[in-house]
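The values are calculated or read from the model by the stated rules, or taken from the named source; none is laboratory data. Just so it is clear, the model here is predicted, and its values are computed rather than measured. Please note: Cβ atoms are built from the backbone with ideal geometry, for glycine as well, and neighbour counts cover all protein chains shown. All accessible areas refer to the heavy atoms of the entire protein, side chains included, with ligands and DNA or RNA removed. Shrake-Rupley method; radii C 1.70, N 1.55, O 1.52, S 1.80 Å.
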Amino acid sequence: MHMKSSGSLPYDGRLSTPSLLRTRAAVALLAIGASALPAVAWAHGVTAGDKGYIMETFGVRIVPFIYLGAKHMVTGYDHLLFLFGVIFYLYRFKDIGVYVTLFALGHSITLVSGVVAGVSINAYLIDAIIGASVAYKALDNLGVLAKWFGRQPDPRTATMLFGLCHGLGLATRMLDFDLAKDGLLPNLLAFNVGVEIGQFLALCVILIAISYWRRSATFVRYAKAANMLLFLSGVALVVYQLNGYLSPSQA
């Protein structure tokens with residue numbers, strides 16, 4: 001459901017110089033980010049140093065795994081793009097809390113259970129699904145899904161389901177490192193706590209940025225363009241990941 005802001009400014013078609021400069025800067029940053037997606041598509045992975053630590057450590061390591069989880073979420077641009085789409089039209093903290101909680105619950109379930117049960121999906125395929133979730137949320141924000149299906153799909157259910165997919169992506173990454181059984185569950189729970197901390201910190205930054213933008217009349221003018229760019233980013237992620245899956249090296 002799209003939520004209108006009772007405090008938004010009326011748009012009269014004119015832009016002040018500061019607003020125009022802010023808008024051009026925002027558009028430029030979005031364009032740069034979109035063009036850089038193919039080059040950083042593995043930023044969602046784990047650095048060589050972190051990978052080495054995860055594969056060699058044993059026993060309970062609560063603080064290091066909290067750090068690794070937070071770092072992984074903050075650099076997981078696909079998760080952050082999805083969250084950006086989720087809160088784009090949410091104005092009340094209560095609503096934001098509900099959706100973010102559903103997303104967190106979903107990815108926590110599949111992250112922990114996926115690693116413990118050894119459930120893994122090809123990393124390219126699950127990342128393609130995560131990219132599709134970004135495109136889906138953009139289409140939902142644009143009202144396209146309601147036109148296609150005659151009614152808007154339940155956004156809460158969709159957020160929960162995609163949260164499960166995102167968590168499975170995290171589990172797939174963790175399973176690639178053949179984690180030691182000694183201290184596995186405590187370390188995994190610590191990693192998940194870190195993910196939630198990273199998500200909270202990233203969400204704060206997103207909220208501050210989008211709240212600042214909403215105070216400008218340009219939000220009404222460029223909201224549609226921002227979601228179009230979000231959709232294209234999701235499509236780019238899907239195409240990139242499927243290309244990796246279908247490449248000869250994966251055959």
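Things to note:
- Which listed residue, of Lys94, Lys51, is on the phi < 0 side of the Ramachandran plot, basic (Lys, Arg) and modelled with pLDDT of 85 or more: Lys94
- The residues of the range 98-118 that are of a type in the set (Gly, Ala, Ser) and either free of Cβ contacts under 8 Å to residues at least 60 places away in the same chain or at positive phi (or both), listed by number, are Ser113, Ala117, Gly118.
- Taking the listed residues Arg61, Arg92, the one that is touching a residue at least 12 places away in the same chain (Cβ under 8 Å), among the basic types (Lys, Arg), open to solvent by 10 Å² or more (accessible area, probe 1.4 Å) and under 18 Å from Pro155 (Cβ atoms) is Arg92, with no other qualifying.
- Within the option set Ala158, Ala209, Ala223, being open to solvent by less than 10 Å² (accessible area, probe 1.4 Å), under 26 Å from Val98 (Cβ atoms) and not acidic (Asp, Glu) holds for one residue only, Ala223.
- The range 212-251: number of residues that are under 18 Å from Lys137 (Cα atoms) and out of contact with any Ser or Thr (no Cβ under 8 Å at 6 or more places or on another chain): 16
- Count of residues meeting criterion [in a helix (DSSP H, G or I) and either over 14 Å from Ile109 (Cα atoms) or in contact with a helix residue (DSSP H, G or I) (Cβ under 6 Å, 6 or more places away or on another chain) (or both)] in the range 179-195: 10
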